[in-house]
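S.K.: Here you go, one structure.
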């Protein structure tokens with residue numbers, strides 16, 4: 001019984017500051033002669049069991065509770081607290097449980113709740129901002145191949161859907177592999193990701209990324225479009241080399257090479273390869289590098305460089321610890337942040353100049369006014385951001401994704417072509 005009472009509460013290390021601890025510790029030494037003399041027997045008829053509790057020990061427990069829960073405010077609150085505590089002691093004693101034991105109530109998850117949790121974990125694993133960016137970029141570049149209204153046929157939508165699904169499957173492989181390679185870093189930088197938080201095991205992550213890579217290549221092979229298949233293959237090679245921790249690989253450790261990988265996938269492959277997929281495979285036209293395609297590739301190059309630089313700004317802590325020599329680690333958060341803002345403002349300025357030179361009135365107004373408004377919004381938000389807040393930086397990073405994705409749909413020459421109908 002003595003060990004039961006002692007085990008019920010943590011004993012402070014200093015008996016001088018906490019005299020109750022000294023009193024409780026005397027339970028094991030027989031000090032002060034109260035071990036054998038002052039026992040009281042409490043009978044609980046409902047269990048037909050006698051529980052022996054020392055009167056002095058009971059008083060010690062009351063004093064300990066007063067010290068431990070002195071934050072309970074009013075007399076009424078304190079009275080209610082003691083009533084709950086004493087009820088707990090009596091119920092535990094009557095039921096045969098130790099005084100400190102209180103069985104935890106198990107609430108099994110409903111099937112719907114389990115499904116919701118699984119979907120939420122996969123949503124975070126798939127990095128949805130990259131999913132949305134990839135899908136809308138493919139839609140934008142597909143519209144560049146539209147020459148007349150009749151081109152917007154079921155054939156167009158089927159070919160575009162094939163490209164989007166295959167690219168998204170590969171996108172999940174790439175971001176998933178990056179998380180598998182960065183579990184320890186993400187515990188510092190992004191603890192909410194399923195692998196870093198422990199929601200997914202390593203085996204689960206490996207199964208997901210392997211399955212999605214196989215599905216992506218299978219779909220590309222079934223479709224039979226060589227531009228689509230090569231886009232998937234090159235994305236696979238660069239995405240693997242970027243993340244996987246093998247000799248001569250894990251290119252994300254080197255700031256310049258990492259930026260070039262992102263630039264190649266986001267600006268070149270997504271633009272040119274998927275354009276050729278629609279132009280040569282869907283419409284069976286000759287491969288022509290058009291002015292709209294050049295403009296879209298140049299604009300997305302600015303965006304890709306900004307993404308490559310900005311994505312490391314909120315991750316500076318983990319990158320420093322694990323030796324990732326990003327531009328943010330080398331130059332500092334503030335300098336890299338304003339480099340990104342400057343690059344985006346340059347992209348908006350070039351887009352406005354192209355809009356001014358456009359012969360289409362609708363294209364002129366949409367391009368100039370649209371990019372000017374977005375440039376002003378971006379500048380105002382940039383001036384007010386708190387660079388010491390990781391949450392604020394991450395929010396601004398997501399804002400850049402949203403703005404630039406919107407711009408990819410508002411592509412100048414695609415809009416000019418569509419508004420001519």
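S.K.: Spin-label point model (7 Å from Cα, Cβ direction): what's the residue 118 to residue 234 distance in nm?
M.R.: If labels sit at residue 118 and residue 234, their model points lie 3.8 nm apart.
S.K.: Multiplying the sequence separation of residue 149 and residue 129 by 0.36 nm and subtracting their Cα-Cα distance, what value in nm do you get?
M.R.: 4.1 nm
S.K.: Here's another thing I want to ask about it. Assuming R0 = 30 Å, what is the FRET efficiency of residue 380 and residue 289, from their Cβ-Cβ distance, to the nearest 0.05? Intermediate results must be reported in sequence, preceding the final value.
M.R.: Working: r = 37 Å, r/R0 = 1.24.
According to the calculation, E is roughly 0.20.
S.K.: Additional query: Ranked highest first by average number of other Cβ atoms within 10 Å, how do 374-384, 124-134 line up?
M.R.: Details: 374-384: 14.0, 124-134: 18.0.
Listed from highest to lowest mean packing, they are 124-134, 374-384.
S.K.: I want to check the label-to-label distance for residue 321 and residue 356. Put each point 7 Å from Cα in the C-beta direction and report it in nm to one decimal.
M.R.: With each label placed 7 Å out from Cα toward Cβ, I get 5.0 nm.
S.K.: Hey, with R₀ at 56 Å, roughly what FRET efficiency would residue 338 and residue 158 work out to, going by the Cβ-Cβ distance, to 0.05?
M.R.: 0.80
S.K.: Please state the relative contact order of segment 112-419 as a whole percent: Cα pairs under 8 Å, 6+ residues apart? Please report the intermediate quantities before stating the final value.
M.R.: On the way: 358 pairs, mean separation 64.4, N = 308.
Dividing the mean separation by the residue count of segment 112-419 yields 21 percent.
Rule-based calculations on the coordinates, nothing more; no lab input. Just so it is clear, the model here is predicted, and its values are computed rather than measured. All Cβ positions, glycine included, derive from the backbone under ideal geometry; neighbour counts span all protein chains shown.
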